[in-house]
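Undergrad: Shown below is the structure under consideration.
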Amino acid sequence: MSPATRRALAHLATLACAASIVAACADPDGPTSAPDRADADPTPDATPDTSDATRDASDAADAPVDVPDDALLFIAPRVDPAGGLWPLLVHAVDADGAIDPARTGRIAIEVTVAGQPRAVEVWLRRGVGSVTLEVPPGASVSIAARTFDAAPVATRRLSGPLTGDDLRWGPDETIELTADATVPPGATLVIAPGTVVRADPAVNLDVDGAVEALGEPGAPILMGPGDGGPWGGVRLAGRGVWRSVFFVGGGEDAARVFGHSNSQPVLFASPGTSLELDAVVIQDGPGKALGAQRARIALRDSLITRTDTGGELERTALTATRSWFLDFPSIGAAYQDDDNDGIYLKDALEEGGAPVPSVLEDCVFMFGLDDGVDHNGATLELRRLWIEGFTHEGLATSTGGTVAITDSVVTGCEQGIEAGYGAPDLIADHLLLMDNGVGARYGDSYDWEVSGTLTVRDTVFLGNREQAVRDLVLLTGAPGPPGAVTLDRCLLDDAAAPEGQGNVTGTALLTDTLLLDAPSPGRGIASDGDDPGLQTGRPR
């Protein structure tokens with residue numbers, strides 16, 4: 001391993017040494033400090049909760065889990081013959097080949113690199129996990145019965161404005177960006193399946209035209225650092241389509257920091273941009289995964305993990321479907337006030353004077369040192385989410401706008417859902433709020449004005465250690481105004497919860513898919529005549 005590669009790995013190890021970059025944990029030259037972010041957020045969150053809720057969730061997720069070899073699916077790009085960082089996506093699948101969300105915990109897989117077998121740990125989060133390996137030059141990688149060869153290919157070095165043949169990359173070559181490169185307005189960069197792109201330290205790709213990165217499940221595209229340190233990112237000012245692409249080790253350009261966590265996005269969508277991300281993996285970098293201003297982003301079947309945050313989007317319409325947001329900033333990281341959210345959505349994109357809602361469906365948010373979904377003035381529709389193990393809120397709402405969340409699980413957080421400062425309207429319907437410090441909160445940890453509303457109906461509260469519902473505005477030291485909190489037709493195991501219409505006090509009995517079991521109290525009390533809690537079951 002060259003000294004330059006060691007320095008790159010050591011830098012990334014400050015974020016991901018616990019699980020994600022194997023060689024960095026084994027033999028780094030020593031940690032390299034990330035840019036100073038001490039004053040990045042002018043409104044830091046309160047001291048993290050010391051209750052058992054988050055710790056219990058983390059302990060369970062870090063415990064070994066037994067997954068048969070034939071139930072593991074491995075997806076990875078080709079191995080660059082020059083070596084370097086190589087990401088591996090792991091799915092635990094059921095008999096039908098679908099992701100098995102019952103699989104959460106730590107597994108060991110045998111990986112052979114350059115003929116040397118070793119055990120590599122991967123943390124699964126509801127059936128999905130990943131790891132980043134350091135592969136020596138010329139080495140192949142074997143996992144189970146599959147071999148990823150490092151077949152010799154040509155290397156093309158590019159920088160500056162791209163024209164002609166330089167707008168077509170791959171498939172049988174490695175592209176090395178030696179300095180910032182630009183796709184001019186009106187031009188389209190096409191990246192073929194199986195292409196490997198390596199960028200020198202803090203180097204960026206600016207797309208003023210368009211990009212079509214069309215990887216395939218069996219031949220993904222890789223964009224990662226070269227032999228020298230983390231790279232920068234991709235700034236899009238036009239249309240971008242990215243399919244089956246791995247982004248690893250990005251977000252290092254200190255001149256392009258964005259947002260209140262003060263780090264560079266690996267992918268940044270400029271105003272007016274349309275960005276499509278399908279089967280994309282963004283992992284193990286010093287920056288945030290996504291950034292955007294007044295843009296549209298569609299995210300499907302993707303994984304974002306072990307980055308500063310999953311993304312910070314301003315006045316942007318996000319549609320996220322069947323995607324995983326995991327472990328921010330890394331597995332086992334010590335708490336710092338650095339806004340390590342799963343996703344942060346600030347204000348709403350407007351069209352015709354009306355806000356465009358962001359819609360998140362069938363997504364998983366697990367483990368981070370701030371909030372799972374952090375809302376600040378946007379308009380959100382959240383359906384069938386699993387939110388678990390965040391140091392502060394599973395869902396935090398503030399400033400204004402409307403957030404509707406339905407048929408979702410929030411568990412193992414300091415507070416499950418929160419209608420916080422300003423005037424957000426939070427509507428929660430058919431949730432399971434389980435094993436948090438507080439299930440639902442009106443008010444927050446700032447002594448600021450709170451004038452929004454919290455409506456919770458048809459919801460099951462179970463095992464929230466401090467309170468099922470907390471109605472307290474720190475500015476006044478009193479509950480919110482009359483009518484601010486509505487709690488109707490819920491099943492609560494906390495007799496001290498605020499009164500409401502049709503609520504039942506009792507301890508929920510749940511099936512293996514977290515629906516109310518036949519002998520449970522509260523059956524049939526929901527406003528639709530059905531049971532409170534989840535409408536569609538989720539495996540434990």
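Undergrad: Which pairs turn up if I take residues in the range 165-194 that are closer than 16 Å to Asp206 by Cβ and look for partners that are among the small types (Gly, Ala, Ser) and in a strand (DSSP E or B) with beta carbon separation below 6 Å, at least 6 apart in sequence or on another chain?
TA: As it stands, the answer is Leu177/Ala199; Thr178/Ser159; Ala179/Ser159; Ala181/Ser159; Thr188/Ala210; Ile191/Ala213, since those pairs meet every condition given.
Undergrad: Can you report the number of residues in the range 216-232 which are in contact (Cβ under 8 Å) with a residue 60 or more places away in the chain and part of a loop (DSSP other than H, G, I, E, B)? Talk me through it step by step, then tell me what you get.
TA: Initially, the range 216-232 is screened for residues in contact (Cβ under 8 Å) with a residue 60 or more places away in the chain, giving 217, 219-222, 224-230.
Right, trim to part of a loop (DSSP other than H, G, I, E, B) and you get 217, 220, 226-230.
Number of matching residues: 7.
Undergrad: Since Ala213 meets every condition but one in (1) in a strand (DSSP E or B); (2) surrounded by fewer than 24 Cβ atoms within 10 Å (Cβ to Cβ), which condition does it not meet?
TA: Evaluating Ala213 over (1) in a strand (DSSP E or B); (2) surrounded by fewer than 24 Cβ atoms within 10 Å (Cβ to Cβ) leaves (2) as the failure.
Undergrad: Looking only at the range 489-501, count how many residues are touching an Asp or Glu at 6+ places or on another chain (Cβ under 8 Å), without any contact (Cβ under 8 Å) to a residue 40 or more places away in the chain and within 13 Å of Ala440 (Cβ to Cβ).
TA: Going through the range 489-501 one residue at a time, the tally reaches 2.
Undergrad: Quick check on my filter: what residues within the range 273-294 are in a loop (DSSP other than H, G, I, E, B) and surrounded by fewer than 24 Cβ atoms within 10 Å (Cβ to Cβ)?
TA: Going residue by residue through the range 273-294, those that are in a loop (DSSP other than H, G, I, E, B) are 273, 284-287, 294.
Across the range 273-294, the qualifying residues are Thr273, Arg294.
Undergrad: Could you look through the range 300-339, keep only residues that are among the aliphatic types (A, V, I, L, M) and within 17 Å of Ser263 (Cβ to Cβ), and pick out the one that is surrounded by the fewest Cβ atoms within 10 Å (Cβ to Cβ)?
TA: Top of the filtered list is Ala333.
Undergrad: Mind checking which pairs have a first residue in the range 337-361 that is assigned to a strand (DSSP E or B) and a second that is aromatic (Phe, Trp, Tyr), Cβ under 9 Å, 6 or more apart or different chains?
TA: That search, which allows pairs on different chains as well, returns Ile343/Phe325; Ile343/Phe365.
Undergrad: Does the range 366-385 contain at least one residue that is surrounded by fewer than 24 Cβ atoms within 10 Å (Cβ to Cβ), small (Gly, Ala, Ser), at pLDDT 95 or above and on the phi > 0 side of the Ramachandran plot?
TA: yes
Undergrad: Please name all residue pairs, on different chains or six or more residues apart, with Cβ atoms under 6 Å, provided the first residue is in the range 502-526 and is under 23 Å from Arg384 (Cβ atoms) and in contact (Cβ under 8 Å) with a residue 12 or more places away in the chain and the second residue is among the aliphatic types (A, V, I, L, M) and in a strand (DSSP E or B).
TA: Ala508/Val460; Ala508/Leu462; Ala508/Leu491; Leu514/Leu432; Gly522/Leu491; Gly522/Val504; Ile525/Val504
Undergrad: Next question, about the same structure. Taking the range 63-114 only, how many residues are over 23 Å from the mean Cα position of the chain (by Cα), in contact (Cβ under 8 Å) with a residue 12 or more places away in the chain and over 23 Å from Thr513 (Cβ atoms)?
TA: Final tally of qualifying residues: 14.
Undergrad: Restricting to the range 264-294, count the residues that are of a type in the set (A, V, I, L, M, F, W, C) and over 15 Å from the mean Cα position of the chain (by Cα).
TA: 4
Undergrad: Can you name the residue in the range 143-153 that is among the small types (Gly, Ala, Ser) and within 16 Å of Gly83 (Cβ to Cβ) and is also surrounded by the most Cβ atoms within 10 Å (Cβ to Cβ) among such residues? Don't jump to the end; show me each part of the working.
TA: Here is the first cut: in the range 143-153, the ones among the small types (Gly, Ala, Ser) are 144-145, 150-151.
Among the residues that remain, those that are also within 16 Å of Gly83 (Cβ to Cβ) are: 150-151.
Details: Ala150: 20, Ala151: 11.
Only one residue tops the list, namely Ala150.
Undergrad: Does at least one position in the range 413-434 carry a residue that is of a type in the set (Asp, Glu) and at pLDDT below 95?
TA: For the range 413-434, residues of a type in the set (Asp, Glu) and at pLDDT below 95: absent.
Undergrad: Let me ask something additional. Would you check which residues across the range 130-188 are acidic (Asp, Glu) and assigned to a strand (DSSP E or B) and list them?
TA: Glu134, Glu173, Glu176, Asp180 - these are the residues of the range 130-188 that are acidic (Asp, Glu) and assigned to a strand (DSSP E or B).
Undergrad: Still on this structure, I have one more. From the list Ser261, Ser244, which one is crowded, with 22+ Cβ neighbours inside 10 Å and in a strand (DSSP E or B)?
TA: So the residue among Ser261, Ser244 that is crowded, with 22+ Cβ neighbours inside 10 Å and in a strand (DSSP E or B) is Ser244.
Undergrad: In this structure, does Leu514 turn out to be out of contact with any Gly (no Cβ under 9 Å at 6 or more places or on another chain), surrounded by 13 or more Cβ atoms within 10 Å (Cβ to Cβ), modelled with pLDDT of 95 or more and part of a loop (DSSP other than H, G, I, E, B)?
TA: no
Undergrad: Consider the range 137-169. How many of its residues are under 29 Å from the mean Cα position of the chain (by Cα) and closer than 21 Å to Trp242 by Cα?
TA: So the count comes out to 1.
Undergrad: Going through Phe246, Phe268 one at a time, which residue ends up being among the aromatic types (Phe, Trp, Tyr) and in contact (Cβ under 8 Å) with a residue 60 or more places away in the chain?
TA: After applying the criteria, what remains is Phe246.
Undergrad: Something else: Identify all residues within the range 478-501 that are at pLDDT 95 or above and either of a type in the set (Asp, Glu) or on the phi > 0 side of the Ramachandran plot (or both); write none if there are none.
TA: Asp488, Arg489, Asp493
Undergrad: Scan the range 295-336 residue by residue and report those that are within 12 Å of the chain's Cα centre (by Cα), hydroxyl-bearing (Ser, Thr, Tyr), assigned to a loop (DSSP other than H, G, I, E, B) and modelled with pLDDT of 95 or more.
TA: Across the range 295-336, the qualifying residues are Ser302, Thr307, Thr309, Ser323.
The values are calculated or read from the model by the stated rules, or taken from the named source; none is laboratory data. Nothing here was measured: the structure is a model prediction, and the numbers come from that model. Cβ atoms come from the backbone with ideal geometry, glycine included; neighbour counts cover every protein chain shown.
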